[in-house]
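K.L.:
Structure in structure tokens, see below.
The values are calculated or read from the model by the stated rules, or taken from the named source; none is laboratory data. Treat the numbers as computed from the prediction; the structure is a model and nothing was measured. Quick reminder, even Gly has a Cβ in these numbers, built from the backbone with ideal geometry, and neighbours come from all protein chains shown.
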Amino acid sequence: MAEGYLRKYADASVEVYSAGIEAHGLNPRAVASMARDGVDISGQKSTLVDEYAAMVFDVVLTVCDNAQENCPILPSKSGAPTIRLHHSFPDPAKAQGTPEEIQEAFDSVRDQIRDYCRELIYKPSW
């Protein structure tokens, strides 16, 4: 979800990559939730962070505590230390209840991620 919003809000000078500690594939509920907000993430893929080990990054964003704790140190493009930002969002894939309640959980987290990504792009504090 964060990848989709960062791509939406960032200009062409920003390259957005998304990876995780574990690959689980795209969650159809996440794809549907994002589509309801006008963002198509159906072409994204679940990638392991190891695939980017040879790349350099200026900013690394983690969106869950497990990722923050296990994310490797990645070098920056500028030679300065990589800026590491963290915000822990609930995992909507763990939501339980009726289909409507699960959809609400995905949409709630989606909205939190959208607002966070918009803030990162338009009012960076780093």
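K.L.:
So, in region 88-126, exactly how many residues are under 17 Å from residue 8 (Cβ atoms) and part of a helix (DSSP H, G or I)?
P.N.:
The total comes to 15.
A quick yes/no check of all residues on (1) farther than 16 Å from residue 65 by Cα; (2) surrounded by 13 or more Cβ atoms within 10 Å (Cβ to Cβ); (3) in contact with a helix residue (DSSP H, G or I) (Cβ under 8 Å, 6 or more places away or on another chain):
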{"residue": "82", "(1), (2), (3)": "yes, yes, no"}
{"residue": "87", "(1), (2), (3)": "no, yes, yes"}
{"residue": "100", "(1), (2), (3)": "yes, no, no"}
{"residue": "107", "(1), (2), (3)": "yes, yes, yes"}
{"residue": "115", "(1), (2), (3)": "yes, no, no"}
{"residue": "118", "(1), (2), (3)": "yes, yes, yes"}
{"residue": "122", "(1), (2), (3)": "yes, no, yes"}
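K.L.:
Here's a follow-up. Could you list, in sequence order, the residues of region 69-126 that are modelled with pLDDT of 95 or more and of a type in the set (S, T, N, Q)?
P.N.:
Matches in region 69-126: 96, 98, 103, 108, 112.
K.L.:
Quickly run through region 37-69 and pick out the residues that are in contact with a Lys or Arg (Cβ under 8 Å, 6 or more places away or on another chain) and surrounded by fewer than 14 Cβ atoms within 10 Å (Cβ to Cβ).
P.N.:
56
K.L.:
Can you find, within region 15-32, the residue that is surrounded by the most Cβ atoms within 10 Å (Cβ to Cβ) among those that are more than 15 Å from residue 63 (Cβ to Cβ) and in contact (Cβ under 8 Å) with a residue 60 or more places away in the chain?
P.N.:
My answer is 29.
K.L.:
Report, ordered by the first and then the second residue, all pairs with beta carbons closer than 9 Å, sequence separation of six or more or different chains, a first member in region 111-126 that is without any contact (Cβ under 8 Å) to a residue 12 or more places away in the chain and at positive phi, and a second member that is assigned to a helix (DSSP H, G or I) and charged (D, E, K, R).
P.N.:
none
K.L.:
Counting only residues that are assigned to a loop (DSSP other than H, G, I, E, B) and at negative phi, how many does region 4-52 have?
P.N.:
So the count comes out to 26.
K.L.:
In region 7-50, which residue that is among the β-branched types (Val, Ile, Thr) and out of contact with any strand residue (DSSP E or B) (no Cβ under 8 Å at 6 or more places or on another chain) is farthest from residue 120 (Cα to Cα)?
P.N.:
This residue is 31.
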